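The values are calculated or read from the model by the stated rules, or taken from the named source; none is laboratory data. The structure presented is a predicted model; accordingly, all values stated were derived computationally and were not measured. Cβ coordinates were reconstructed from backbone atoms using ideal geometry, including for glycine residues, and neighbour counts include every protein chain displayed. Heavy atoms of the whole protein, side chains included, go into the accessibility calculation; ligands, DNA and RNA do not. Shrake-Rupley method; radii C 1.70, N 1.55, O 1.52, S 1.80 Å.
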Amino acid sequence: MSFRNFQKVTVCLVQILLLSPCTGQLAEPGCNLQRASVSGFTRDGDILLGGAFALHDAREYEPLTFTERPERISCHTFLTTSLSWYQAMAFAIEEVNMKTNLLPNITMGFRIHDSCMVLERSLEGTLWMLTGEEVPTPNYLCWKNHPTLAIVGDATSTVSILMSRILSLYKHTQISYSASSPLLSDHNEFPSFFRTVPSDDYQSRGLAQLVLYFEWTWVGLLADDDDYGQQGIQLVQEELINAGACVAFSETIITSRADKNAFHIVQVIKKSTTNAIVIFSNAASLAEVLDEMMKQNVTGKVLIATEGWSTSGFMFMEKYSEILSGTIGFEIYSGEMPGFVEYLTSLHPLRNTDDLFLQEFWEETFGCKLHYGKGQSMEVYSNDTLMCTGAEKLQRLHVNPTGITSFSYPYKIYTAVYAIAQSLHDLSICKMDATPFDQRTCADIMGLQPWKLLHYIRNVHLQEIGGRRNFFDEHGNPPPQYDIINLQQNHNGTLKPVKVGAFDSTAPPGETLKINVNAIRWNAGDAGGTKIPVSVCSPMCPTGSRKVVKEGQPICCFDCVLCPQGEIANKTDSNDCSMCPWDQWPNQKQNSCIPKILEYLYYEELLGSMLTATSILASLIPGAILGLFIHYKNTPIVRANNHSLSCLLLLSLSLCFLCSLAFIGYPTLEKCLLRQAAFGITFALCVSCILAKTVIVVLAFNASKPNSELRKWFGPQLSYTLVVVCTLIQVLLCVSWLILSPPFSQHNIISKPGVLIFECNEGSPVAFWCMLGYLGLLATTSFIVAFLARKLPDSFNEAKYITFSMLAFLSVWISFIPAYLSTKGKYMVAMEIFAILSSSSSLVSCIFLPKCYIILFRSEMNTKEHLMRRGTGQSKRKKNI
């Protein structure tokens with residue numbers, strides 16, 4: 001059975017089993033169930049208010065054997081904070097009674113009961129305040145003078161829910177000063193319940209925002225096992241998880257156990273790596289856990305406090321300083337209560353003889369026994385008992401005996417009393433033409449039915465000191481506002497609450513939480529405690545990396561993995577990396593995109609400049625040789641080597657050197673279209689000329705034989721025809737290539753990471769390799785023919801020079817293929833230029849330099865007689881062989 005159902009059943013049993021008439025005297029013993037009598041602090045008046053307060057901390061539950069009458073649950077250890085609570089109610093009522101503009105000529109009184117946070121005693125006290133009997137009797141009003149119109153209390157949600165079940169039956173107003181369970185916002189179930197503290201819905205959201213504000217994503221949760229703790233911590237957990245944070249542990253303080261489950265809780269805290277713990281508890285329950293933390297030396301944790309314990313008096317004891325220093329949390333907004341401190345410090349049991357709770361507090365605080373009244377003397381106590389002298393004063397104590405570090409709860413009690421008083425005042429000045437009740441009647445304040453007060457309570461508005469307005473919304477809740485406090489050490493080692501911010505859920509989005517971080521002092525190792533503690537399962541992933549959740553762990557526990565090549569993460573703790581734009585590339589840290597390096601073989605760089613200069617200078621060499629050949633065109637060596645073909649070959653070689661310039665510079669569309677075609681055609685012309693020279697040598701030697709059939713083919717037209725045909729085939733290949741799949745300029749972003757290559761796409765690789773293959777075919781044919789003609793007479797023969805030139809030419813281009821395929825970007829272009837220059841240079845060197853040497857330096861060899869002698873000598877050597 002759930003606790004809420006248990007409460008309902010309890011109320012029903014009370015109504016059914018305890019129905020008996022009120023006669024002013026107790027009925028015969030056989031007519032009533034055996035119950036203990038109830039008493040409290042009372043003060044008479046024309047109108048009575050009830051007050052329910054948990055004045056004691058420790059409770060003793062006697063074992064139930066049912067072999068003897070069960071003993072009543074006993075309470076001891078007076079809570080010092082509770083003195084200020086119930087005295088705030090007495091102070092407020094006394095202040096109202098002295099006002100002439102609020103309930104004039106009407107005196108308010110009260111009935112205050114100690115619930116001790118025990119449901120049984122709370123039930124008894126509620127019935128006592130309603131019925132007026134020390135042995136309560138439901139459904140009967142036995143007060144001799146006036147009934148209780150409204151009740152202020154209780155502190156805890158669990159007790160307040162039980163009270164509200166009963167008070168709602170009779171429509172008695174109940175205003176709690178501390179019960180913050182969201183369940184109590186349901187006015188269908190609790191129609192007469194109001195409170196001066198916000199619902200825990202708001203506090204839970206605020207605590208979650210506070211945790212996330214400091215970027216604590218690995219958080220421990222601790223809560224009481226009552227409605228206040230369990231519902232509040234559940235809301236916090238939901239808010240944290242929805243925001244992406246993780247819960248390291250969630251433990252419960254078992255309030256029914258003497259040790260509160262403290263040892264197990266502290267063991268969990270000690271083993272956990274979290275540094276931030278949200279605690280949804282009241283101070284009395286938490287004290288056992290704090291004591292156990294001291295025993296196990298658990299320090300350095302940041303405790304996030306709810307209003308239930310953030311400013312509780314005994315939390316500021318010096319022994320807790322090391323553990324609680326740096327605690328941050330919520331405190332109920334409080335206003336001013338002028339004269340309340342003086343009122344408290346003026347209290348004395350000899351003057352306030354009707355206050356039995358003050359007597360108990362006095363004896364516990366000063367460690368003495370009071371003796372007063374008739375019939376009581378010092379002989380009642382033993383000889384070693386210390387008696388109170390009457391000279392004790394609260395203000396003389398070094399430690400504040402009232403436990404007041406904040407007026408939050410006393411102020412909320414003070415506000416509750418004023419809300420009731422203002423409602424009664426509004427009711428008392430009712431006018432017939434403005435009455436809210438049927439039949440145009442106003443309620444009589446002296447014979448008031450409790451349900452009529454509810455209308456005025458729901459519409460009451462209070463103007464507080466400082467201008468702030470207080471009211472109840474449709475759920476009976478006040479405006480949800482909290483102060484954010486930080487517990488800081490005084491110079492004497494004790495703690496003090498310092499306001500460092502505020503939470504107002506009615507503020508616009510983004511402005512609900514305001515914190516002065518510079519005012520916070522943490523319980524940390526750094527000097528001054530100004531560095532915000534870290535509470536994460538895994539360290540923050542730096543920019544340039546992404547999170548990968550550890551298997552079987554919450555999402556806050558992860559490894560950091562570098563982004564893949566080409567991707568960046570410009571935020572810390574990124575879940576994914578993102579690609580850079582096509583023309584950009586990650587920087588070294590991979591946290592931003594930078595423009596890619598632009599690459600092409602341009603003239604201004606060293607490599608481009610050297611290749612340009614080499615091409616131009618090399619192109620001048622065939623021109624110079626051409627000029628030399630023209631000048632010595634009538635010499636035997638020039639005439640013997642086909643002067644016209646030599647000139648055409650030299651011209652084509654000069655063009656071969658110059659065509660490499662088309663490969664340098666920005667690859668425009670025009671350059672891409674022309675450069676390979678120009679290279680292929682000029683080289684085809686060049687190699688065709690060499691092939692024609694070689695064929696002419698062979699034909700010339702064979703045609704010189706008697707009766708040779710080759711004479712009719714031999715002539716200058718043959719060489720020109722061969723050159724034209726061989727060149728024309730290459731021209732047709734290149735034109736087809738340019739028409740069917742022309743080269744084009746492109747941006748290559750794939751070949752080299754981080755580099756944007758401006759290059760020419762050849763359009764059709766097949767056409768490119770066909771063009772090169774055709775050149776290779778011409779060169780190979782020339783090499784074979786020249787090799788076969790190498791033994792012809794020297795006077796006619798330059799075949800051996802052509803053989804060496806073609807061997808060098810083929811070697812260059814065979815080596816070019818793997819080198820070309822293994823390079824990328826501008827170096828691929830440079831490799832082709834190098835092959836062009838190398839192959840062209842080999843042709844010039846092997847074919848023409850020996851002739852130039854003879855022309856310039858061995859003129860005696862450049863005569864017809866010399867050539868004839870060489871030819872005759874060559875023929876004789878062949879015959880001898």
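Of the trypsin sites (Lys or Arg not before Pro) found in the range 154-250, those that fall in a DSSP loop while having at most 14 other beta-carbon atoms within 10 Å are 171. With kT/(6 pi eta Rh) evaluated at 20 °C and eta = 1.002 mPa s, and Rh the Kirkwood radius from Cα pairs, the range 473-595 diffuses with a coefficient of 115 µm²/s according to Stokes-Einstein.
Net charge within 13 Å of residue 516 by Cβ-Cβ distance, Lys/Arg positive one each and Asp/Glu negative one each, not counting residue 516 itself? So the surrounding residues net to +2.
The residues of the range 715-788 expose on average 49 square angstrom of accessible surface per residue, using a 1.4 Å probe on protein heavy atoms.
Taking all C-alpha pairs of the range 166-276, those more than 17 Å from each other amount to 62 percent. Site pair residue 517 and residue 291 shows an inter-label distance of 3.9 nm when each label is modelled 7 Å from Cα along Cα→Cβ. In this view, the solvent-accessible surface of residue 617, computed with a 1.4 Å probe and all protein chains in place, comes to about 110 Å².
Note on exposure: 491, 76, 425, 643 ranked by accessible area (1.4 Å probe, complete protein assembly) read 491, 76, 643, 425, with the most exposed listed first. Of the whole protein surface, residue 750 contributes about 140 Å² of accessible area at a 1.4 Å probe radius. When all alpha carbon pairs of the range 421-509 are counted in 5 Å bins from zero, the resulting P(r) reads 3, 11, 15, 15, 12, 10, 9, 8, 7, 5, 3, 2, 1, 0 %.
Restricting the trypsin sites (Lys or Arg not before Pro) of the range 217-321 to loop positions (DSSP other than H, G, I, E, B) with no more than 16 neighbouring Cβ atoms within 10 Å leaves 257. Percent of Cα-Cα pairs more than 16 Å apart in the range 245-355, please. Within the range 245-355, distances greater than 16 Å cover 66 percent of Cα pairs.
Note on residue 44: accessible area approximately 100 square angstrom, rounded to 10, probe 1.4 Å, nucleic acids and ligands left out. Considering only Cα atoms, the convex hull volume of the range 525-565 works out to 84 Å³ per residue.
Of 639, 858, 469, 121, the order by accessible heavy-atom surface (1.4 Å probe, DNA, RNA and ligands excluded), from most exposed downward, is 639, 469, 858, 121. Taking the Kirkwood radius as Rh and the Cα radius of gyration as Rg, the range 593-682 has a ratio of Rg/Rh equal to 1.18. Could you list the GluC sites (Glu not before Pro) in the range 288-375 that lie in coil according to DSSP, counting only those with at most 13 other Cβ atoms within 10 Å of their Cβ? Of the GluC sites (Glu not before Pro), the ones in loops of the range 288-375 whose Cβ has at most 13 other Cβ atoms within 10 Å are 336.
Note on the range 306-375: dipole from Cβ charges, positive end direction compared against 345, 366, 320; the farthest Cα belongs to 366.
Counting protein heavy atoms only, the range 152-271 has 49 percent of its accessible area on carbon and sulfur, 1.4 angstrom probe. Residues 461, 187, ordered by accessible area of protein heavy atoms at a 1.4 angstrom probe radius and largest first, appear as 461, 187.
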